[in-house]
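Worksheet: one structure, shown below.
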Amino acid sequence: MVPNQIIPDLAASAAAADRWVAENLVPYYPATRVKFLLVGNEILSDLSIANSTWPHLVPAMENIHRSLRKRSISSVKIGTTLAMDALADGAFPRPPSAAAFRADIAEAVVRPLLHFLNGTNSYYFVDAYPYFVWADNNLTVSLDYALFQGGRTRYVDPGTGLTYTNLLDEMLDAVVIAMAKLGYGHVKLAIAETGWPNGCDYNQIGGNVHNAAIYNRNLAARMAKNPGTPVRPGAKMPVFVFSLYNEDLKPGPGTERHWGLYYANGTAVYEIDLTGRRPLGSYPPLPAPENNTPYKGPIWCVLSAAASNKLNETAVGNALSYACGQGNGTCDAIQPGKTCYTPNTTAAHASYAFNSYWQQFEKTGATCYFNNLAEQTIKDPSHGSCRFPSSSGSP
């Protein structure tokens, strides 16, 4: 994959693109089986690079394509990954027949991209996560429908009359229909990322081992049969599961650290056969899901048990200073003589500061992370006259 930040350079210089191929692909090919070369990751989701990078996406792809042709490498297809927010209504444009690309990218970027993909017989690579659609619409979309086990649950698109049995197919056909509206309804589709989180924060929903195993096992079994989608029945699609390992140091909400088939120590989170050939009934029992409905109780953000056990005074002190420097009165209660000053330890003060910061800024996107030093808890950390403010769970 070409990093986002060097796309403009590769677009501006065929020599730079050729140099990138020579350094990053040629030494490993064909001994390593490389099928796809992706130029950038979800760049059309980042509005901050609209001027600096978006116009250079297709020219960079063209320069890399010329480099591959010069070297007679024809089996590596070039693409770029796009999130579902490339569509005007995002990941859930129900009905799929109403889907269209965003006005700011449709003509300027997507049409030239589709022209390139069509001309090189490549794929539109989509990152499609039914988890996020279900989590945001769990009162109207059933969990079983999102996990490929909807039973009798159906959705009929009023625009096409097509019947859907799962959420992923709706999302994929939305992309196909949006491409058709630009005149490229036959460009092939590939799933660059899909999956389900095996864990999440208390103020998130449905991220657990049970659901993750069910989703990915059903995905593998389904895709092994090349079912296509209602708009494209029988179409073959390359599908990549995100991700191999839990990225335990990744910032953001809890789901960000829990997409893996394996834990960071290399042990399996659950058994899975990605060929899809193993009978689903042959797997051992899974732990029962405990967070498929929103948690409504109070939540706090404190110094994590791991960070407390091996206290790095410098790292925790820096995080404490950061938290106290944000907002209004964030750390007033841990000043000398105030209600939460004692115990006067870095760990105790950090827990108060982390929580105070998070309660103020959670609604504007703040997470309980602090460089992997913090964790959410539903056990009240208040002590004596020191009261920790709390937040409620999922909305």
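Miscellaneous remarks
- Degrees, to the nearest 10: 167-181 long Cα axis against longest axis of the chain: 50
- Calculated accessible area for the chain comes out at 47 Å² per residue, all protein chains present (probe 1.4 Å; ligands, DNA, RNA ignored).
- Pairs beyond 21 Å (Cα-Cα), from Lys35/Lys236; Lys188/Lys225; Lys77/Lys236; Lys77/Lys181: Lys77/Lys181
- Rounded to the nearest 20 debye, dipole of the chain from Cβ charges on Lys, Arg, Asp, Glu: 1100
- C-alpha center-to-center spacing [the range 309-387, the range 178-200] in angstrom: 41
- Summed residue charge, Cβ within 10 Å of Phe92's Cβ, Lys/Arg positive, Asp/Glu negative: -2
- Taking the chain, the Cys residues with no second Cys beta-carbon under 4.7 angstrom are Cys200.
- C-alpha center-to-center spacing [the range 114-149, the range 216-256] in angstrom: 9
- Close amide H partners of Ala88, meaning residues 5 or more places away or on another chain with modelled amide H under 5 Å apart, are Ala100, Phe101, Arg102.
- q = 0.19 Å⁻¹: log10 I(q)/I(0) that the Debye formula gives for the range 61-125, counting C-alpha atoms only: -0.77
- Carbon + sulfur, % of accessible area of the chain - ligands and nucleic acids excluded, 1.4 Å: 52
- Selection from Ala319, Tyr164, Pro336 lying farthest towards where the dipole of the chain points positive, charges on Cβ: Tyr164
- Cβ crowding within 10 Å averaged over residues, with 192-198, 149-155, 117-123 ranked highest first: 192-198, 117-123, 149-155
- Mean projected area of the convex hull spanned by the Cα atoms of the chain, taken over all viewing directions: 22.5 nm².
- Acute angle (nearest 10 degrees) that the helix 313-324 long axis makes with the longest principal axis of the chain, alpha-carbon atoms: 90
The values are calculated or read from the model by the stated rules, or taken from the named source; none is laboratory data. Everything numeric here is computed off the predicted structure, so don't read it as measured data. Counting neighbours? That spans all protein chains shown, and the Cβs are built from the backbone with ideal geometry, glycine included. Just the protein is used for accessible areas: all its heavy atoms, side chains included, with ligands, DNA and RNA removed. Shrake-Rupley method; radii C 1.70, N 1.55, O 1.52, S 1.80 Å.
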